[in-house]
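The values are calculated or read from the model by the stated rules, or taken from the named source; none is laboratory data. Because the structure is predicted, anything quoted here is derived from the model rather than measured. Positions of Cβ are generated from backbone atoms using ideal geometry, with glycine treated the same way; all protein chains shown enter the neighbour counts.
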Amino acid sequence: MTLDRRVAYDAIAVRYDRRHRESDYSGIESAMLAKARAARAEGRLDKSWTSQLSVLSDDEFAAGALRIEREIEAAAQRGEESMLYADLRLYATAGWVD
């Protein structure tokens, strides 16, 4: 038995884009910045807090943290908020046994 679970994302994307037209997301950036500040203040961005960061050497982690701190300071001097963007990729493998 062959099970085909492919999804035609281009065909359904229009339905998902509708949420941005119909919903009010004003204020979301300031809410996310407040959460990020709280996470940093509570130590949730420390190397030991998440397993993803624990694979970095101490020097790599310190260099990355310093880079983020410098960007935050530079944005503040410009009168702006710093935004951290991530390129998140999720890979999965699924299998079925008859």
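Which of (1) in a loop (DSSP other than H, G, I, E, B); (2) surrounded by 12 or more Cβ atoms within 10 Å (Cβ to Cβ); (3) in contact (Cβ under 8 Å) with a residue 12 or more places away in the chain does Leu33 not meet, given it meets every other one?
Tallying (1) in a loop (DSSP other than H, G, I, E, B); (2) surrounded by 12 or more Cβ atoms within 10 Å (Cβ to Cβ); (3) in contact (Cβ under 8 Å) with a residue 12 or more places away in the chain, Leu33 fails exactly one: (1).
Of all residues in the range 52-70, how many are under 26 Å from Ala31 (Cβ atoms) and either without any contact (Cβ under 8 Å) to a residue 12 or more places away in the chain or among the β-branched types (Val, Ile, Thr) (or both)? Give the steps one after another, and end with the answer.
The initial filter retains those residues of the range 52-70 that are under 26 Å from Ala31 (Cβ atoms), namely 52-53, 64-65, 67-70.
Subset that is either without any contact (Cβ under 8 Å) to a residue 12 or more places away in the chain or among the β-branched types (Val, Ile, Thr) (or both): 52-53, 64, 67-70.
Counting residues in the range 52-70 that are under 26 Å from Ala31 (Cβ atoms) and either without any contact (Cβ under 8 Å) to a residue 12 or more places away in the chain or among the β-branched types (Val, Ile, Thr) (or both) gives 7.
Does Arg40 satisfy the criteria of being part of a loop (DSSP other than H, G, I, E, B), at pLDDT 80 or above and surrounded by 10 or more Cβ atoms within 10 Å (Cβ to Cβ)? Talk me through it step by step, then tell me what you get.
Details: part of a loop (DSSP other than H, G, I, E, B): no; at pLDDT 80 or above: yes; surrounded by 10 or more Cβ atoms within 10 Å (Cβ to Cβ): yes.
No.
Test each condition in (1) surrounded by 12 or more Cβ atoms within 10 Å (Cβ to Cβ); (2) in contact with a helix residue (DSSP H, G or I) (Cβ under 9 Å, 6 or more places away or on another chain) for Ala62 and report the one that comes out false.
Single failed check for Ala62: (2).
For Ala31, are the conditions met, namely being among the small types (Gly, Ala, Ser) and at pLDDT 85 or above? Can you show your working first?
Working: among the small types (Gly, Ala, Ser): yes; at pLDDT 85 or above: no.
Criteria not met by Ala31.
Within the range 45-63, work out how many residues are in contact with a Leu (Cβ under 7 Å, 6 or more places away or on another chain) and in a helix (DSSP H, G or I). Reasoning before the result, please.
Of all residues in the range 45-63, those in contact with a Leu (Cβ under 7 Å, 6 or more places away or on another chain) come to 47, 61.
Still in the list and also in a helix (DSSP H, G or I): 61.
Counting residues in the range 45-63 that are in contact with a Leu (Cβ under 7 Å, 6 or more places away or on another chain) and in a helix (DSSP H, G or I) gives 1.
When you look at Ser57, is it out of contact with any Gly (no Cβ under 6 Å at 6 or more places or on another chain), surrounded by fewer than 11 Cβ atoms within 10 Å (Cβ to Cβ), of a type in the set (S, T, N, Q) and closer than 30 Å to Arg6 by Cβ, yes or no?
Working: out of contact with any Gly (no Cβ under 6 Å at 6 or more places or on another chain): yes; surrounded by fewer than 11 Cβ atoms within 10 Å (Cβ to Cβ): yes; of a type in the set (S, T, N, Q): yes; closer than 30 Å to Arg6 by Cβ: no.
Judged against the criteria, Ser57 is not a match.
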